[in-house]
Amino acid sequence: MSKDINTKVLKKNAFRYSKVRGETASRIRIPGGVINAQSMAKIAEVAEKFGDGTIFLTNRQGVEIPGIAMEDIPEVNKAIQSIIDDSGVNQAERDKGYPAAGTRNVVACPGKRLCPFGCFDTTDFARKMDKMVFPNNLHVKIAFTGCSNDCAKVRMDDFGIIGMTEPQYDPSRCVSCEQCIKYCRIRSVGALSLVNGKVVRDTNLCIGCGVCVAYCPTRAWTRSKEHYFRLVLLGRTGKKNPRLAEDFIKWADEQSILDIVKNAYAYVEEYIDPNALEGKEHIGYIVDRTGFDEFLKWIMRDVKLNEKAEVASRVYWSGKHYDRSNELK
Amino acid sequence: MGYVLSKEAFDEVLGKLSEDFLLYSPVRKIGEGCYTDVDVVRYDFVKSLDEIELEAKSNYAFKELLTPLSQTLFFFTENETKEADSDTRDVIIFLRSCDMHAVKRLDAIYLENKFADPFYERVRKRVKFALIGCGHSFENCFCVSMKSNVTTDGYLFSLDFDRDAGQVSCDVKDEDIAKLFEEAGASAADVVPSSVTENDTKVTVPDVVPNAVYKDKLWDEYTARCIKCGRCNFVCPTCTCYTMQDIFYTDNGRVGERRRVGSSCMVDGYTNVAGGGEYRRTNGERMRFKTLHKIYDFSKRFGYDMCVGCGRCDDVCPEYISFANIINKVNAAAKAAAAGEGGAQHD
Ligand code: SF4
Ligand code: SF4
Ligand code: SF4
Ligand code: SF4
Ligand code: SF4
């Protein structure tokens, strides 16, 4: 029997189109980058049983199991059910694998679970976000990073969420050792200075990384009770105009971030090029077409920003435009 | 006089005590630790048993009341000075046995060291103590080695709380306070404050540290490992160093205030002198100074070691440097040096 396979269905079911004819790879979604060891063992088992015995670790914290024969897809979908259960990914029908692949795995750096600089539980927020947006076939990239170090490289994503804390200063506990000043300068932006033996924070310069808090030996610096976020927008890689995401809001709260991303999906539904190849168009290119104001109107609809949040009045992106010039300077 | 009473009755006693005293105890500060959503236990004022952190060892010691991290001593104008107002209320500090022993060290430095420090004396006079029974050793504690595990006097009353039974046991030393317990309906009982008899961490303090140990290469390791953050000093119940600051107000440089702020022999600047000199440049030298001060030099003057073995320095060190281990290394080096010197005499 010759193969008769609907590759569009296959791709949406999170199987990869392979250059090796008749073969595919299963794409395991791991929102927030954490699964339990049992799921990892299951991945290894599937790779041994159905794949070529290798496992590919993707850039977006997913896992791909290559070398699977296309006719084994139904069996593989049954085998990976326990992994889907573990990672808590929304599913349409049990034992049928993933219901979509468009919206990419939601990435997270280790965040506060592990990293001394993490300002929030990145995995937790990533999972919450995944619950909200998935399944969805729109090609959207969302990533979370615990602090302004941006180890998760969220500035390459459509929506990059960066953890922030607002350092709280208790002058009565400060002994003027200047370590906060030193480490803010060396590890961060140099927002602190000593005035008359007490520390002054340039609130405009401060990026809320919390380095001062981590290094203060007396607890004169502590973290704000609230977890805050910086939202950076519409970064992308790719052939035409790769660029870094730009700052949109700082000191935002969690709910506003969720609402904005949800609204952005509605915006894309409305404005995506109906003839886009394979229904895939980066949001950034849609915004280039509709103009930023229209995008802004959509994403901020019914968003009740917390009082502390500061919003950019205008966002400009740069990056090389290969569709205009491929010259080296 | 020993008493056993319910949690509610004990709170009644605390309520009565609050009329005459401020109560200063370990308190869990949610999310105020170094890292996100990590708590810190440090001292603050309380009114009831629930507010007192009894499960964990406090990360910072009680000394912040007696020797504040930052304190304005007086204000000055061109010709006059005015001492800063200070609280006049009496205080009961709740602390464990190791810290009770630390009080003695603070007193030695601030009251018995040739002359009494008036600012310390002023607050010290207002302070009484309540002993928190310490039934199990925490990580890094070595009070047994430092002989600070048992406290038999010096406190108004002790406190052991059996959470499951909802029952508080107190050894009350003070007659007036005993009355409060009786008024609250406490029943008389034989009470001995709990104390530990063994720690996992054990140290041996050398009797004599030969000069060779000052030059031993054991200190070099700490030049590489220690980040001179001073946390070990700031959490220590017996570190007493401070530095002075004269501040001239920015909008009128003719008036200002004199402050005394906590200091640390591990941080930069501690041994700086006019002309750019610095006595102990390397972190290893600083570690040597700190260690020998805690377990040797102080004792040469006062007859007992400064370190009480609370282990807070080991709890807090971001570089996992163990002070207890350093004591044992010094002991080994002292032994080796003594043997070496002894051997040399035979030659
Ligand atoms: S981004 Fe910040 S929190 Fe995340 S791993 Fe890097 S340093 Fe840690
Ligand atoms: S939170 Fe602000 S002040 Fe603190 S280290 Fe970061 S940039 Fe500097
Ligand atoms: S690190 Fe802490 S104690 Fe040192 S100067 Fe900064 S705030 Fe003050
Ligand atoms: S050093 Fe001893 S008295 Fe102090 S907290 Fe530890 S076990 Fe208790
Ligand atoms: S806490 Fe550790 S790293 Fe910091 S000064 Fe003390 S020994 Fe050095």
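A short reminder: the numbers here are calculations on the coordinates, not readings from a lab. Keep in mind that this is a model prediction, so the values were computed, not measured. When we count neighbours, we look across all protein chains shown, and the Cβ atoms used for this are built from the backbone with ideal geometry, even at glycine.
For GluC sites (Glu not before Pro), the sites in region A:263-320 that DSSP calls loop and that have at most 14 other Cβ atoms within 10 Å are A:Glu307. Where only DSSP H runs of four or more residues are counted, chain A gives -8000 deg cm²/dmol as its mean residue ellipticity at 222 nm, each run worth -39500 (n - 2.57). Based on Cα contacts under 8 Å between residues 6+ apart, region B:118-207 shows a relative contact order of 39 percent. Left without a cysteine partner by the 4.7 Å Cβ rule in chain A: A:Cys115, A:Cys119, A:Cys147, A:Cys174, A:Cys177, A:Cys184, A:Cys206, A:Cys209, A:Cys216. Database remark: amide H of B:Leu73 closer than 5 angstrom to the amide H of B:Arg258, B:Arg259, B:Arg260 (H placed geometrically; neighbours at sequence offset of 5 or more, or on other chains; Pro and chain starts carry no H). Taking amide H positions as modeled 1.01 Å from N, with prolines and chain starts lacking one, the residues under 5 Å from B:Val41 and 5 or more places away or on another chain are B:Lys29, B:Asn59, B:Tyr60. Annotation for region B:248-347: GluC sites (Glu not before Pro) lying in DSSP loop with at most 10 further Cβ atoms inside 10 Å of their Cβ do not exist. In a GNM of chain A with a 10 Å cut-off on Cα contacts, which of A:Val303, A:Val154, A:Val20 has the highest mean-square fluctuation? Sorting by GNM fluctuation, first place goes to A:Val20. Phi-derived couplings, Karplus 6.51 cos²θ - 1.76 cosθ + 1.60 at θ = phi - 60°, listed residue by residue for region A:245-258: 5, 10, 5, 10, 9, 10, 6, 7, 9, 4, 4, 4, 4, 4 Hz, with x used for Gly and Pro. From helices alone, chain B scores -8500 deg cm²/dmol at 222 nm; the rule is -39500 (n - 2.57) for each run of n ≥ 4 DSSP H residues, then divide by the residue total. Scanning chain B for chymotrypsin sites (Phe, Trp or Tyr not before Pro) lying in DSSP loops with no more than 13 further Cβ atoms inside 10 Å, the longest uninterrupted stretch between such sites is B:116-248. Placing unit charges on the Cβ atoms of the charged side chains and taking the dipole of chain B about its Cα centre, the candidate lying farthest along the positive direction among B:Ile227, B:Ala108, B:Ile52 is B:Ile227.
For region A:7-87, a Kirkwood radius taken over Cα pairs fed into Stokes-Einstein (4 °C, viscosity 1.567 mPa s) yields D = 103 µm²/s. For B:Lys179, a cut-off of 18 angstrom between C-alpha atoms picks up these lysines, skipping any fewer than 8 places away in its own chain: B:Lys7, B:Lys16, B:Lys128.
Using only Cα atoms, tell me the angle between helix A:122-133 and the longest principal axis of chain A; keep it within 0 to 90° and round to the nearest 10. Computed tilt is about 50 degrees.
Averaged over peptide B:36-44, the number of partner chain Cβ atoms lying within 10 Å of each residue's Cβ comes to 4.
Sequentially through region A:144-159, phi angles give Karplus couplings (6.51, -1.76, 1.60; θ = phi - 60°) of 10, 9, x, 7, 5, 4, 6, 4, 7, 6, 5, 6, 9, 10, 5, 10 Hz, Gly and Pro residues having no value and appearing as x. Fraction of C-alpha pairs exceeding 34 angstrom in chain B: 33 percent, rounded to a whole number. Each Lys and Arg contributes +1 and each Asp and Glu -1, all at the Cβ; summed about the Cα centre of chain A, the dipole is approximately 760 debye.
Shown here for region A:1-59: chymotrypsin sites (Phe, Trp or Tyr not before Pro) in loop regions (DSSP other than H, G, I, E, B) with at most 13 other Cβ atoms within 10 Å, of which there are none.
Within region A:168-222, the percentage of alpha carbon pairs spaced more than 14 angstrom apart rounds to 42%. Averaging Cα coordinates gives a centre for region B:1-28 and one for region A:141-195; these two points are 42 Å apart.
Taking 28 Å as the straight-line reach from the Cα of A:Lys329, the lysines in range (excluding those fewer than 8 positions away in the same chain) are A:Lys153, A:Lys239, A:Lys240, A:Lys320. One compactness figure for region A:118-223 is 1.31, namely its Cα radius of gyration divided by 2.2 N^0.38 Å. For A:Thr58, the residues 5 or more places off, or on other chains, whose built amide H falls under 5 Å of its own are A:Val63, A:Glu64. Sorting A:Lys250, B:Lys16, A:Lys297 from the fewest to the most surrounding beta carbons within 10 angstrom yields A:Lys297, B:Lys16, A:Lys250. Evaluated with a Cβ-only charge set (Lys, Arg +1; Asp, Glu -1), the protein assembly as shown carries a dipole of roughly 2660 debye about its Cα centre, given to the nearest 20. Just so you know, the Cα atoms of the protein assembly as shown work out to an Rg and Dmax of 31.9, 106 Å. What the phi angles of region A:93-103 give under the Karplus curve with 6.51, -1.76 and 1.60, with θ = phi - 60°, is a coupling list of 9, 5, 6, 10, x, 7, x, 7, 9, x, 5 Hz, glycine and proline written as x.
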